[in-house]
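J.: Okay, handing you the structure first.
The values are calculated or read from the model by the stated rules, or taken from the named source; none is laboratory data. As the structure is a prediction and not an experimental result, all values here were calculated from the model. Ideal geometry is used to build each Cβ from the backbone, glycine not excepted, and the neighbour counts take in all protein chains shown. All accessible areas refer to the heavy atoms of the entire protein, side chains included, with ligands and DNA or RNA removed. Shrake-Rupley method; radii C 1.70, N 1.55, O 1.52, S 1.80 Å.
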Amino acid sequence: MNKANLYEQANGVQRRDAMEILKEYAPLLGCRRVGDDIALLDIGCGSGDVLVDYILPMLGRGTVPAARVLGTDISEQMVRYARESYRHLKTVEFDTLDIGSKLDAVNLTRWGQFSHVTSFYCLHWVQNQHTAFSNIYQLLKVGGDCLLVFLANNPIFDIYNQLSRSPKWSKYMYDVEKYISPYQYCENPASEIEDLLCTVGFQHYQIQVRDKLYIYEGLENLKRAVMAVNPFSERMPSELQDKFLHDYVAVVREMYLAKSASEENDANLHFISPYKLVIVYAKK
(Lines give C-alpha, C1' and ligand atoms only; values in the text may rest on other atoms or scores of the structure.)
Protein backbone atom coordinates (compact mmCIF):
# COMPACT_ATOMS: atom_id res chain seq x y z
CA MET A 1 0.00 0.00 0.00
CA ASN A 2 3.04 2.23 -0.31
CA LYS A 3 3.17 2.17 -4.12
CA ALA A 4 1.74 5.64 -4.69
CA ASN A 5 2.26 5.83 -8.45
CA LEU A 6 0.74 2.38 -9.02
CA TYR A 7 -2.13 3.15 -6.65
CA GLU A 8 -3.01 6.32 -8.56
CA GLN A 9 -3.16 4.31 -11.80
CA ALA A 10 -5.23 1.44 -10.38
CA ASN A 11 -7.73 3.02 -7.97
CA GLY A 12 -10.69 3.01 -10.35
CA VAL A 13 -13.18 1.60 -7.84
CA GLN A 14 -12.12 4.11 -5.18
CA ARG A 15 -12.50 7.03 -7.58
CA ARG A 16 -15.86 5.83 -8.89
CA ASP A 17 -17.38 5.40 -5.44
CA ALA A 18 -15.93 8.67 -4.13
CA MET A 19 -17.34 10.62 -7.07
CA GLU A 20 -20.80 9.08 -6.73
CA ILE A 21 -21.04 9.48 -2.97
CA LEU A 22 -19.69 13.04 -2.93
CA LYS A 23 -22.30 14.07 -5.49
CA GLU A 24 -24.99 12.56 -3.29
CA TYR A 25 -23.75 14.02 -0.01
CA ALA A 26 -22.54 17.41 -1.26
CA PRO A 27 -25.71 19.21 -0.08
CA LEU A 28 -25.03 17.97 3.46
CA LEU A 29 -21.25 18.26 3.58
CA GLY A 30 -21.24 21.39 1.47
CA CYS A 31 -19.25 24.58 1.80
CA ARG A 32 -20.26 25.58 5.29
CA ARG A 33 -18.43 27.76 7.75
CA VAL A 34 -17.89 26.56 11.30
CA GLY A 35 -16.03 29.23 13.20
CA ASP A 36 -13.69 31.52 11.29
CA ASP A 37 -12.88 29.45 8.21
CA ILE A 38 -13.69 26.36 6.24
CA ALA A 39 -11.14 23.71 7.09
CA LEU A 40 -11.16 20.15 5.79
CA LEU A 41 -9.19 17.09 6.86
CA ASP A 42 -9.00 14.07 4.55
CA ILE A 43 -7.95 10.83 6.25
CA GLY A 44 -6.22 8.20 4.13
CA CYS A 45 -5.69 10.51 1.17
CA GLY A 46 -3.31 8.07 -0.54
CA SER A 47 -1.85 9.65 -3.68
CA GLY A 48 -4.10 12.70 -3.17
CA ASP A 49 -6.08 12.43 -6.41
CA VAL A 50 -9.52 11.86 -4.84
CA LEU A 51 -9.00 14.84 -2.54
CA VAL A 52 -7.94 17.16 -5.36
CA ASP A 53 -10.20 15.89 -8.15
CA TYR A 54 -13.44 15.39 -6.22
CA ILE A 55 -13.42 16.79 -2.69
CA LEU A 56 -11.97 20.24 -3.39
CA PRO A 57 -14.48 21.04 -6.18
CA MET A 58 -17.30 20.02 -3.84
CA LEU A 59 -16.11 22.61 -1.32
CA GLY A 60 -16.40 25.35 -3.93
CA ARG A 61 -12.84 26.45 -3.25
CA GLY A 62 -12.98 29.13 -5.90
CA THR A 63 -15.34 31.12 -3.69
CA VAL A 64 -13.60 30.31 -0.42
CA PRO A 65 -9.94 31.34 -0.79
CA ALA A 66 -9.33 31.10 2.96
CA ALA A 67 -10.14 27.40 3.02
CA ARG A 68 -7.54 25.23 4.74
CA VAL A 69 -7.20 21.65 3.51
CA LEU A 70 -5.05 18.90 4.99
CA GLY A 71 -4.63 15.50 3.38
CA THR A 72 -3.22 12.78 5.62
CA ASP A 73 -2.08 9.19 5.24
CA ILE A 74 -0.29 6.62 7.39
CA SER A 75 2.18 6.02 4.55
CA GLU A 76 5.09 8.47 4.38
CA GLN A 77 5.65 7.46 0.76
CA MET A 78 2.06 8.37 -0.15
CA VAL A 79 2.42 11.72 1.60
CA ARG A 80 5.66 12.51 -0.24
CA TYR A 81 4.06 11.59 -3.56
CA ALA A 82 1.00 13.78 -2.88
CA ARG A 83 3.16 16.72 -1.80
CA GLU A 84 5.19 16.50 -4.99
CA SER A 85 2.18 16.00 -7.26
CA TYR A 86 0.18 18.91 -5.82
CA ARG A 87 2.87 21.33 -4.67
CA HIS A 88 1.25 23.97 -6.90
CA LEU A 89 -1.84 24.03 -4.63
CA LYS A 90 -0.73 26.51 -1.99
CA THR A 91 -3.60 26.03 0.49
CA VAL A 92 -3.45 22.21 0.41
CA GLU A 93 -1.03 20.46 2.76
CA PHE A 94 -0.17 16.80 3.27
CA ASP A 95 1.04 15.13 6.45
CA THR A 96 1.35 11.68 8.01
CA LEU A 97 -1.36 10.49 10.38
CA ASP A 98 -2.15 7.09 11.88
CA ILE A 99 -5.84 7.52 12.65
CA GLY A 100 -5.84 4.20 14.51
CA SER A 101 -3.42 5.47 17.18
CA LYS A 102 -4.54 7.83 19.92
CA LEU A 103 -3.75 11.43 19.00
CA ASP A 104 -1.50 13.28 21.37
CA ALA A 105 -1.86 16.90 22.43
CA VAL A 106 0.99 17.94 20.13
CA ASN A 107 -0.81 16.85 16.99
CA LEU A 108 -4.13 18.25 18.13
CA THR A 109 -2.50 21.61 18.84
CA ARG A 110 -0.53 21.63 15.59
CA TRP A 111 -3.48 20.81 13.35
CA GLY A 112 -6.33 22.31 15.32
CA GLN A 113 -9.89 21.25 14.56
CA PHE A 114 -11.73 21.05 11.26
CA SER A 115 -15.14 21.96 9.91
CA HIS A 116 -15.18 18.83 7.77
CA VAL A 117 -13.50 15.43 7.89
CA THR A 118 -13.62 13.06 4.92
CA SER A 119 -12.23 9.57 4.49
CA PHE A 120 -12.55 7.26 1.49
CA TYR A 121 -11.43 3.63 1.45
CA CYS A 122 -9.23 3.94 4.53
CA LEU A 123 -10.99 2.96 7.74
CA HIS A 124 -11.37 -0.73 6.85
CA TRP A 125 -7.58 -1.00 7.24
CA VAL A 126 -7.83 0.22 10.86
CA GLN A 127 -8.30 -2.50 13.46
CA ASN A 128 -8.82 -0.15 16.41
CA GLN A 129 -12.11 1.31 15.24
CA HIS A 130 -12.95 2.93 18.58
CA THR A 131 -9.72 4.95 18.57
CA ALA A 132 -10.23 5.97 14.93
CA PHE A 133 -13.78 7.25 15.51
CA SER A 134 -12.75 8.94 18.76
CA ASN A 135 -9.91 10.73 16.96
CA ILE A 136 -12.28 11.89 14.23
CA TYR A 137 -14.66 13.26 16.84
CA GLN A 138 -11.82 15.17 18.53
CA LEU A 139 -10.59 16.59 15.22
CA LEU A 140 -14.00 18.08 14.41
CA LYS A 141 -15.13 21.50 15.54
CA VAL A 142 -18.48 21.71 17.29
CA GLY A 143 -20.99 21.87 14.44
CA GLY A 144 -18.55 20.19 12.07
CA ASP A 145 -19.36 17.07 10.10
CA CYS A 146 -17.69 14.02 8.61
CA LEU A 147 -18.26 11.76 5.61
CA LEU A 148 -16.61 8.36 6.04
CA VAL A 149 -16.68 5.69 3.34
CA PHE A 150 -15.10 2.28 3.88
CA LEU A 151 -15.52 -1.42 3.16
CA ALA A 152 -17.60 -3.69 5.34
CA ASN A 153 -16.60 -6.75 3.34
CA ASN A 154 -14.86 -7.58 0.10
CA PRO A 155 -13.68 -10.82 -1.59
CA ILE A 156 -10.09 -9.57 -1.40
CA PHE A 157 -10.08 -10.22 2.35
CA ASP A 158 -11.28 -13.82 1.88
CA ILE A 159 -8.56 -14.31 -0.72
CA TYR A 160 -5.93 -12.99 1.71
CA ASN A 161 -7.22 -15.42 4.33
CA GLN A 162 -7.03 -18.39 1.99
CA LEU A 163 -3.55 -17.57 0.68
CA SER A 164 -2.22 -16.99 4.20
CA ARG A 165 -2.92 -20.65 4.99
CA SER A 166 -0.65 -21.81 2.20
CA PRO A 167 2.87 -22.85 3.37
CA LYS A 168 4.21 -20.93 0.37
CA TRP A 169 2.82 -17.60 1.57
CA SER A 170 2.21 -17.95 5.31
CA LYS A 171 5.63 -16.56 6.29
CA TYR A 172 4.84 -13.35 4.39
CA MET A 173 1.23 -13.12 5.60
CA TYR A 174 1.71 -14.03 9.26
CA ASP A 175 -0.34 -11.03 10.42
CA VAL A 176 -3.06 -11.27 7.78
CA GLU A 177 -5.79 -10.41 10.30
CA LYS A 178 -4.40 -6.84 10.49
CA TYR A 179 -5.31 -6.36 6.83
CA ILE A 180 -8.87 -7.66 6.90
CA SER A 181 -11.81 -5.33 7.47
CA PRO A 182 -13.05 -5.48 11.08
CA TYR A 183 -16.54 -5.90 9.60
CA GLN A 184 -15.72 -8.66 7.08
CA TYR A 185 -17.59 -11.34 9.01
CA CYS A 186 -20.00 -9.07 10.88
CA GLU A 187 -23.70 -9.83 10.41
CA ASN A 188 -24.83 -6.27 11.19
CA PRO A 189 -22.03 -3.75 10.64
CA ALA A 190 -24.42 -0.79 10.81
CA SER A 191 -25.34 -1.70 14.40
CA GLU A 192 -21.70 -1.98 15.47
CA ILE A 193 -20.84 1.32 13.85
CA GLU A 194 -23.84 3.03 15.45
CA ASP A 195 -22.63 1.85 18.87
CA LEU A 196 -19.18 3.29 18.12
CA LEU A 197 -20.55 6.65 17.01
CA CYS A 198 -22.65 6.98 20.16
CA THR A 199 -19.81 5.86 22.42
CA VAL A 200 -17.38 8.51 21.16
CA GLY A 201 -19.97 11.30 21.36
CA PHE A 202 -21.82 11.62 18.04
CA GLN A 203 -25.56 12.19 18.40
CA HIS A 204 -26.54 13.08 14.83
CA TYR A 205 -25.59 10.56 12.16
CA GLN A 206 -26.68 8.50 9.17
CA ILE A 207 -25.33 5.03 8.39
CA GLN A 208 -25.82 3.14 5.15
CA VAL A 209 -24.44 -0.25 4.10
CA ARG A 210 -24.75 -0.69 0.35
CA ASP A 211 -24.23 -3.71 -1.89
CA LYS A 212 -21.84 -2.69 -4.66
CA LEU A 213 -20.19 -4.33 -7.65
CA TYR A 214 -17.04 -3.52 -9.58
CA ILE A 215 -15.79 -5.33 -12.67
CA TYR A 216 -12.10 -5.45 -13.56
CA GLU A 217 -11.85 -5.92 -17.30
CA GLY A 218 -8.84 -8.00 -18.27
CA LEU A 219 -6.26 -9.85 -16.22
CA GLU A 220 -3.72 -7.01 -16.23
CA ASN A 221 -6.20 -4.55 -14.75
CA LEU A 222 -6.92 -6.96 -11.92
CA LYS A 223 -3.21 -7.53 -11.27
CA ARG A 224 -2.49 -3.79 -11.10
CA ALA A 225 -5.34 -3.28 -8.65
CA VAL A 226 -4.15 -6.16 -6.46
CA MET A 227 -0.54 -4.96 -6.36
CA ALA A 228 -1.59 -1.37 -5.65
CA VAL A 229 -3.10 -2.33 -2.28
CA ASN A 230 -1.32 -5.60 -1.46
CA PRO A 231 0.31 -5.08 1.97
CA PHE A 232 2.44 -8.24 1.73
CA SER A 233 4.33 -7.82 -1.54
CA GLU A 234 7.11 -5.69 -0.05
CA ARG A 235 7.99 -8.60 2.25
CA MET A 236 8.46 -10.94 -0.69
CA PRO A 237 11.50 -11.27 -2.95
CA SER A 238 10.75 -9.67 -6.30
CA GLU A 239 10.94 -13.03 -8.07
CA LEU A 240 8.00 -14.31 -5.97
CA GLN A 241 5.61 -11.44 -6.63
CA ASP A 242 4.43 -12.77 -10.00
CA LYS A 243 3.91 -16.19 -8.42
CA PHE A 244 1.80 -14.59 -5.71
CA LEU A 245 -0.35 -12.90 -8.36
CA HIS A 246 -0.71 -16.22 -10.18
CA ASP A 247 -1.98 -17.90 -7.00
CA TYR A 248 -4.23 -14.93 -6.25
CA VAL A 249 -5.88 -15.21 -9.66
CA ALA A 250 -6.27 -18.96 -9.18
CA VAL A 251 -8.27 -18.33 -6.00
CA VAL A 252 -10.37 -15.74 -7.82
CA ARG A 253 -11.25 -18.37 -10.41
CA GLU A 254 -12.08 -20.92 -7.70
CA MET A 255 -14.46 -18.40 -6.11
CA TYR A 256 -16.29 -18.02 -9.45
CA LEU A 257 -15.39 -14.33 -9.61
CA ALA A 258 -13.96 -14.60 -13.16
CA LYS A 259 -16.28 -14.61 -16.17
CA SER A 260 -15.41 -14.74 -19.85
CA ALA A 261 -16.85 -15.68 -23.20
CA SER A 262 -13.47 -17.17 -24.05
CA GLU A 263 -11.53 -18.73 -21.19
CA GLU A 264 -8.49 -19.02 -23.45
CA ASN A 265 -8.06 -15.27 -23.70
CA ASP A 266 -7.14 -13.45 -20.47
CA ALA A 267 -7.88 -10.10 -22.10
CA ASN A 268 -11.55 -11.11 -22.33
CA LEU A 269 -11.79 -12.05 -18.67
CA HIS A 270 -14.05 -10.00 -16.43
CA PHE A 271 -13.23 -10.22 -12.73
CA ILE A 272 -16.30 -9.51 -10.65
CA SER A 273 -15.90 -7.97 -7.20
CA PRO A 274 -19.11 -7.78 -5.12
CA TYR A 275 -18.67 -5.87 -1.88
CA LYS A 276 -20.50 -4.02 0.88
CA LEU A 277 -19.68 -0.35 1.33
CA VAL A 278 -20.33 1.60 4.52
CA ILE A 279 -21.24 5.29 4.29
CA VAL A 280 -21.31 7.29 7.51
CA TYR A 281 -22.34 10.92 7.71
CA ALA A 282 -22.15 12.37 11.22
CA LYS A 283 -22.24 15.81 12.77
CA LYS A 284 -20.65 16.93 16.04
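J.: Tell me whether the stretch 81-100 contains one or more residues that are buried (at least 23 other Cβ atoms within 10 Å of the Cβ), in contact with a Phe, Trp or Tyr (Cβ under 6 Å, 6 or more places away or on another chain), in contact (Cβ under 8 Å) with a residue 60 or more places away in the chain and closer than 24 Å to residue 283 by Cβ.
T.: No, the stretch 81-100 contains no residue that is buried (at least 23 other Cβ atoms within 10 Å of the Cβ), in contact with a Phe, Trp or Tyr (Cβ under 6 Å, 6 or more places away or on another chain), in contact (Cβ under 8 Å) with a residue 60 or more places away in the chain and closer than 24 Å to residue 283 by Cβ.
J.: Taking the stretch 152-189 on its own, how many of its residues are open to solvent by 30 Å² or more (accessible area, probe 1.4 Å) and over 24 Å from residue 272 (Cα atoms)?
T.: Counting residues in the stretch 152-189 that are open to solvent by 30 Å² or more (accessible area, probe 1.4 Å) and over 24 Å from residue 272 (Cα atoms) gives 6.
J.: Exactly one condition in (1) at pLDDT 95 or above; (2) part of a loop (DSSP other than H, G, I, E, B) is not met by residue 212; state its number.
T.: (2)
J.: Additional query: Name the single residue that is modelled with the lowest pLDDT among those in the stretch 216-268 being assigned to a helix (DSSP H, G or I), over 15 Å from residue 6 (Cβ atoms) and aliphatic (A, V, I, L, M).
T.: Among residues in the stretch 216-268 that are assigned to a helix (DSSP H, G or I), over 15 Å from residue 6 (Cβ atoms) and aliphatic (A, V, I, L, M), the one modelled with the lowest pLDDT is 267.
J.: Check residue 14 against each of (1) polar (S, T, N, Q); (2) at pLDDT 90 or above; (3) open to solvent by less than 10 Å² (accessible area, probe 1.4 Å) and name the one condition it does not meet.
T.: Exception for residue 14: condition (3).
J.: How many residues are in contact (Cβ under 8 Å) with a residue 12 or more places away in the chain, over 21 Å from residue 25 (Cα atoms) and either open to solvent by less than 70 Å² (accessible area, probe 1.4 Å) or assigned to a loop (DSSP other than H, G, I, E, B) (or both) if we restrict to the stretch 190-209?
T.: Count: 3.
J.: Filter the stretch 133-146 down to residues that are in contact with a Cys (Cβ under 9 Å, 6 or more places away or on another chain) and open to solvent by less than 10 Å² (accessible area, probe 1.4 Å) and give me whichever is farthest from residue 203 (Cα to Cα).
T.: Here is the first cut: in the stretch 133-146, the ones in contact with a Cys (Cβ under 9 Å, 6 or more places away or on another chain) are 136-137, 139-140.
Remaining after also requiring open to solvent by less than 10 Å² (accessible area, probe 1.4 Å): 136, 139-140.
On the way: 136: 14, 139: 16, 140: 14 Å.
If we take residues in the stretch 133-146 being in contact with a Cys (Cβ under 9 Å, 6 or more places away or on another chain) and open to solvent by less than 10 Å² (accessible area, probe 1.4 Å), then 139 is farthest from residue 203 (Cα to Cα).
J.: Do we have residue 76 as touching a Ser or Thr at 6+ places or on another chain (Cβ under 6 Å) and more than 30 Å from residue 195 (Cα to Cα) here?
T.: On the way: touching a Ser or Thr at 6+ places or on another chain (Cβ under 6 Å): yes; more than 30 Å from residue 195 (Cα to Cα): yes.
Yes: the conditions hold for residue 76.
J.: Could you run through the stretch 86-124 and say how many residues are at pLDDT 95 or above and assigned to a helix (DSSP H, G or I)?
T.: Number of matching residues: 2.
J.: Now for a different question. What number goes with the only condition from (1) open to solvent by less than 60 Å² (accessible area, probe 1.4 Å); (2) at negative phi; (3) in contact (Cβ under 8 Å) with a residue 60 or more places away in the chain that residue 213 does not pass?
T.: Among (1) open to solvent by less than 60 Å² (accessible area, probe 1.4 Å); (2) at negative phi; (3) in contact (Cβ under 8 Å) with a residue 60 or more places away in the chain, residue 213 violates only (1).
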